[in-house]
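**Student:** Here it is, the structure in full.
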Amino acid sequence: MPLPDPLTRHPIPGWKGTAFLKAIIDHPLIDVGDYSYYDDSRGPEHFVARCVRYHFDFIGDRLIIGKFVAIAQAAQFIMNGANHPMGGFSTFPFAMFGVEGAPPVTPGALGHRGDTVIGNDVWIGREAVIMPGISVGDGAIIGTRAQVSRDVPPYAVVVGNPGTVVKTRFPPEIVTELLAIRWWDWEPEKIARNIGVISAADIDALRAAV
Ligand SMILES: CC(C)(COP(=O)(O)OP(=O)(O)OC[C@H]1O[C@@H](n2cnc3c(N)ncnc32)[C@H](O)[C@@H]1OP(=O)(O)O)[C@@H](O)C(=O)NCCC(=O)NCCS
C-alpha cells in the first residue's frame, strides 16, 4: 500500500480531525515537510492560528518543521514576538499603543532567539509548548504538556516543566546510524516497501534496506 499523497488535506478516511500540514499551510515564514500532520478534533485547519503564537512578519522568525512530524492537539510553538522588551525598567509595550517617546519594538529589543526548527520523525504530545528559537532533533519525543525551553537532542524523550530529557530512545551508536540512514529522505515508494523495518527496531534489517 503506497503512502498517501502528502498534499491530502484529510489523509485518514472518515476523520477530518487530522490534516497533512503541507495541504493546509501557505505561510511565507512556515516550512513543513511531507507527511507532517496536526491532529485536532476542533479542526486541524486552525493550526497556524491556534498553535503558532506571536508569529509576526516584522520579526521574520521562521517555524521549520521536518518530515513525518506528528503534532497533537493544542501543541504550542511560541515565537519570538511573544517577548516584551526586557532591557529597561519597564516591560510594558508602550510602542504598541503608539505612545510618543516609546522605544520602537524591534526584533533586537525582544531578545531574538532565531528560528524554531523541528526535525524529522518527531512526535509532539498534546499541549506541549515549544519556546522561541528551539531546535528539536530528529526522532525526538516531546511528552504531553512538556515545556521545552532548551534544544532537544535527536531521539531524546523530553517531559515536564522545564522540559528535561528523561531518556534517549536508542543507544548512541544506533542513533548515529539512524541519523546517517535518514529513512525519511527515501523515496515514498521505498518508505512504503519498508514500513515494517522502519516501524520496528532491528538495525540490521534497516541497514539491509538502505
Ligand atoms: C513522553 C511519553 C511518550 C513517555 O512515555 P514512556 O516512554 O512510556 O515513558 P514512561 O511512562 O516510562 O515515563 C518516564 C518518566 O517520565 C515521566 N513522564 C512521562 N510522561 C510525562 C509527561 N507527559 N509529563 C511529565 N512526566 C512524564 C514518568 O512519570 C516517568 O518518570 P519516572 O521515571 O520518574 O517514574 C509519554 O508519557 C507521553 O507524554 N506521550 C504523549 C501522549 C500524547 O500527548 N499523545 C497525543 C496524541 S498523539
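**Student:** Could you give me the percent of Cα pairs per 5 Å distance bin for the range 81-167, shortest bin first, beginning at zero and ending with the bin that holds the maximum distance?
**Tutor:** Reading upward from the zero bin: 3, 14, 21, 17, 10, 11, 10, 8, 4, 1, 0.
**Student:** Let's see if you can work this out: charge +1 on each Lys and Arg Cβ, -1 on each Asp and Glu Cβ, no other charges. What is the dipole magnitude of the range 18-169 about its Cα centre, in debye to the nearest 20?
**Tutor:** The dipole of the range 18-169 has a size of about 460 debye.
**Student:** Which FRET efficiency value, to the nearest 0.05, do you get for ALA49 and ALA208 by plugging their Cβ-Cβ distance into 1/(1 + (r/R0)^6) with R0 = 41 Å?
**Tutor:** 0.35
**Student:** What nm distance separates the two modelled labels at PHE92 and ARG182, each placed 7 Å from Cα along Cα→Cβ?
**Tutor:** About 5.1 nm, to one decimal.
**Student:** Considering lysine pairs in the chain that are 8 or more places apart or on different chains, how many have Cα atoms under 24 Å apart?
**Tutor:** So the count works out to 5.
**Student:** Given an 8 Å cut-off on Cα distances and at least 6 residues of separation, report the relative contact order of the chain as a percent.
**Tutor:** Dividing the mean separation by the residue count of the chain yields 14 percent.
**Student:** Could you calculate the FRET efficiency of ILE174 with MET1 from 1/(1 + (r/R0)^6), where r is the beta carbon distance between them and R0 is 22 Å, rounded to 0.05?
**Tutor:** 0.20
**Student:** Specify the angular offset, from 0 to 90 degrees and rounded to the nearest 10, of the alpha carbon long axis of helix 172-181 from the longest principal axis of the alpha carbons in the chain.
**Tutor:** 90
**Student:** Modelling each spin label as a point 7 Å along the Cα-to-Cβ direction, I'd like the ARG62/SER41 distance in nm, to one decimal.
**Tutor:** 3.6
**Student:** Under a Cβ-Cβ cut-off of 12 Å, what is the net charge of the residues other than GLY143 that fall near it, where Lys and Arg count +1 and Asp and Glu count -1?
**Tutor:** Result for the local shell: +2.
**Student:** Let me ask something else about it. Kindly provide the helix-only [θ] at 222 nm of the chain, computed as the sum of -39,500 (n - 2.57) over DSSP H runs of four or more divided by all residues, to the nearest 500 deg cm²/dmol?
**Tutor:** Computed mean residue ellipticity for the chain: -4000 deg cm²/dmol.
**Student:** Evaluate E = 1/(1 + (r/R0)^6) for LYS16 and ALA74, where r is the Cβ-Cβ distance and R0 equals 25 Å; express this FRET efficiency to the nearest 0.05.
**Tutor:** 0.90
**Student:** Please figure out what share of the DSSP beta bridges in the chain is antiparallel and state it in percent, rounded to the nearest 5.
**Tutor:** 25
**Student:** Stretch HIS84-ARG9 to full length: gain in nm at 0.36 nm per residue minus the Cα-Cα span?
**Tutor:** 23.4 nm
Values in this text are rule-based calculations from the coordinates and carry no lab data. These numbers come from a predicted model, not from an experiment. Every residue, glycine as well, gets a Cβ built from its backbone with ideal geometry; the counts of neighbours run over all protein chains shown.
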